[in-house]
Amino acid sequence: MQKMFPSLAAGAIAASLALAFPAYAAGAKSAPVVQEAPLRAHLAFLASDLLEGRGTGQRGGDLTVAYLENQALAVGLKPGNGNSFRQLVKIAGVKTQPEASTLRLEANGAALPFSFGKDWVFAPGDAKAEHNLNAELVFVGYGISASEEGWDDFKGQNLEGKVLVMMVNDPQPTAEQPNRFGGKALTYYGRWTYKFEEAKRRGAAGVLLIHTDASASYGWSVIQNSWSGVERFQLAQGTPGTPLQGWMTEDTARALFKSGGQDLDALRAAAERKDFKPVALQAKLAGAMKAEVRHVEQFNVAGVVPGTDPKLKDEVVIYSAHWDHLGKQGTGADTIYNGAVDNASGTAALLAMAAEAVKSPAKRSQMFLWVAAEEQGLLGSAAYASAPLWALDKTAANLNLDSLNWVGTTKDIGTQGSERTELGKMAEATAKAMGMQIAKAEPDLAGGYFRSDHFSFAKAGVPAFSIEAGREFSKDPEGAALKRKAYGKSYHQVSDEYDPSWDLSGMTQQAQFTLNLGRMVADSPKMPTWKAGDAFGKIRHAK
């Protein structure tokens, strides 16, 4: 696909975009063309052992930031934060000390025989090293308050100082209401991050989530690996979380409820109805919780291509990708989690895109933003959204890249989430101009829209989504699909390493699509808006 652009394809892009978005037509003749060679070079370096997996709070992360700011300067980007390419992100590293903690779950005055890691996990949500807790447990169903759904699991009860026990996911569709809470798709109300945020808003002392494979979309081992014996990171600036955050297995919850005189299944069934009310469990959480806490400084890296229009240059289109991965861990023969696909690919693509964007500026300004600590919970993008370098009401869109296509060109492109805004139609026009189509939408069962850095922008009211790889490969469809599927075994493993034999034409295609779409937004007479009634659109309108 890449080889088509310099001649006939450029004219096709111009003609098609002129019909859909006239403002783009004038600049289409000089449409920037992403080059594969620099993309490959950046990818190979960023995924090399030299950068040690680009870990948060590790030497490899510091080296990565230095590389990005120097490359941003070299390609001609302007510093995005005054005279600096860096934006400080203050992060706290927290590692629970279960051996030093005396925290326990009690029912009828007796401690229940639950062990950390096997039965439940916990950590401070406010980056404090020690807490002494003595709090009643209250089951609050899904822990959701959603006025647009006419849903309130709290019913006005005062839950300050309590530990809230919640189910993961959101109320399931019924025959009478097949589309409630997005039907089969997961809404943000179902994400564990929302549960923690809502508990904080209620003044709770803590929250314990009930894990099931189906509701979480992953097994208990994922929770163990993320919470037991490892350092977890959280923002050290802004509003802290509840003193305690944690999970318990379904068997643990069943035993806890039974000891408190309740039936887990009966309460879960009741929680599927709007008339559900919080239920005290006749149990409590008591004891000391201790953790190791350290504070580290990480950085987002931001570079800007100033706009050319006297008025529109005050608005910006942001392209983003997270530069971090899992760094160095463990004691085996290979301790480096290189993160070649996730997300050296997106990081490298932004550098290659920026090198071309500076040659042909758009009417609006364009920012290339490499964010920190995505693997730790979207921390870098959340920090940016809370203290933006460019006013959010002047931010036209955020287009995010995470884990790009390393297999080969495709006939389609993934734009799930774009349909929530006018970006959806613009994405369709961009794909058509490139001889592609939008990938067929699939139910977002795992809540993917809420798990990448674009979501930090969406939560702040900015139209945003991640551009994903297509599924219909141009060459050897079956073999290419098998290659792509095989990557699942390398996801978040030390085997996610760069391979010089990779066909990066699909990665270049994906980067080109993103840059073309961003250019369309940057040259359009007005900023894209959210669809009527969208919850995140209401946030922008409220500002």
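The values are calculated or read from the model by the stated rules, or taken from the named source; none is laboratory data. Just so you know, these numbers come straight off a predicted model, no measurement behind them. With ideal geometry, Cβ positions are generated from the backbone for all residues, glycine too; neighbour counts draw on all protein chains shown.
Being assigned to a strand (DSSP E or B), outside the structural domain of A205 (by TED's automatic domain parsing) and hydroxyl-bearing (S, T, Y) holds for only one residue in S320, S345, and it is S320. When restricted to residues that are assigned to a helix (DSSP H, G or I), surrounded by fewer than 19 Cβ atoms within 10 Å (Cβ to Cβ) and more than 24 Å from the chain's Cα centre (by Cα), the range 53-89 contains 3.
Considering every residue within the range 357-370, establish whether at least one is at pLDDT 95 or above and under 22 Å from Q234 (Cβ atoms). Yes, the conditions are met somewhere in the range 357-370.
For the range 391-405, a residue qualifies if it is surrounded by fewer than 21 Cβ atoms within 10 Å (Cβ to Cβ) and touching a residue at least 12 places away in the same chain (Cβ under 8 Å), and the qualifying residues are L392, D393, K394. Looking only at the range 169-208, residues that are under 17 Å from P278 (Cβ atoms), of a type in the set (A, V, I, L, M) and surrounded by fewer than 23 Cβ atoms within 10 Å (Cβ to Cβ) come to 1 in all. Taking E468, is it within 19 Å of the chain's Cα centre (by Cα), among the charged types (D, E, K, R), modelled with pLDDT of 90 or more and within 23 Å of R40 (Cα to Cα)? In short, yes. Determine whether the range 510-529 contains at least one residue that is over 30 Å from V358 (Cβ atoms) and either of a type outside the set (S, T, Y) or outside any helix (DSSP H, G or I) (or both). The answer is no; no qualifying residue exists. Looking at the structure I just gave you, is S418 out of contact with any Asp or Glu (no Cβ under 6 Å at 6 or more places or on another chain), buried (at least 20 other Cβ atoms within 10 Å of the Cβ) and without any contact (Cβ under 8 Å) to a residue 60 or more places away in the chain? Answer is yes for this residue. Restricting V293, V301 to those that are part of a strand (DSSP E or B), aliphatic (A, V, I, L, M) and closer than 21 Å to T102 by Cα reduces the list to V293. Of everything listed in (1) at positive phi; (2) modelled with pLDDT of 95 or more; (3) under 23 Å from the mean Cα position of the chain (by Cα), the single unmet condition for G117 is (3).
For every residue, the table says whether it meets (1) under 21 Å from T508 (Cβ atoms); (2) at pLDDT 95 or above; (3) touching a Leu at 6+ places or on another chain (Cβ under 8 Å).
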site	(1), (2), (3)
A373	no, yes, yes
D393	no, yes, no
L399	yes, yes, yes
L404	yes, yes, no
G424	no, yes, no
I438	yes, yes, no
E442	no, no, no
F450	no, no, yes
F455	no, yes, yes
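Pairing residues of the range 242-267 that are basic (K, R) with residues that are at pLDDT 95 or above, at Cβ distances under 9 Å and at least 6 apart in sequence or on separate chains, gives R254/D263; R254/L264; R254/D265; K258/L264. Annotation: of all residues in the range 220-234 being out of contact with any strand residue (DSSP E or B) (no Cβ under 6 Å at 6 or more places or on another chain) and touching a residue at least 12 places away in the same chain (Cβ under 8 Å), the one that is surrounded by the most Cβ atoms within 10 Å (Cβ to Cβ) is Q224. When restricted to residues that are modelled with pLDDT of 90 or more and over 24 Å from I144 (Cα atoms), the range 233-254 contains 2. Could we say that A283 is in the same structural domain as W151 (by TED's automatic domain parsing), touching a Lys or Arg at 6+ places or on another chain (Cβ under 6 Å) and either within 30 Å of W370 (Cβ to Cβ) or surrounded by 15 or more Cβ atoms within 10 Å (Cβ to Cβ) (or both) here? The answer is no for A283. Do you know which residues across the range 429-472 are touching a His at 6+ places or on another chain (Cβ under 9 Å) and part of a loop (DSSP other than H, G, I, E, B)? Result: S452, D453, G461, V462.
Let me confirm something: among A486, A480, which residue is part of a helix (DSSP H, G or I), in contact with a Phe, Trp or Tyr (Cβ under 7 Å, 6 or more places away or on another chain), outside the structural domain of S226 (by TED's automatic domain parsing) and not aromatic (F, W, Y)?
A480
Look at P361 and say whether it is assigned by TED's automatic domain parsing to the domain that holds T64 and either under 26 Å from F139 (Cβ atoms) or more than 30 Å from the chain's Cα centre (by Cα) (or both). For P361, the condition - assigned by TED's automatic domain parsing to the domain that holds T64 and either under 26 Å from F139 (Cβ atoms) or more than 30 Å from the chain's Cα centre (by Cα) (or both) - is not met.
When Q437 is tested against (1) closer than 16 Å to V521 by Cα; (2) of a type outside the set (S, T, Y); (3) surrounded by fewer than 18 Cβ atoms within 10 Å (Cβ to Cβ), exactly one condition is not met: (1). Residues in the range 120-153 that are acidic (D, E) and under 28 Å from the mean Cα position of the chain (by Cα) were compared, and the one that is surrounded by the fewest Cβ atoms within 10 Å (Cβ to Cβ) is E148.
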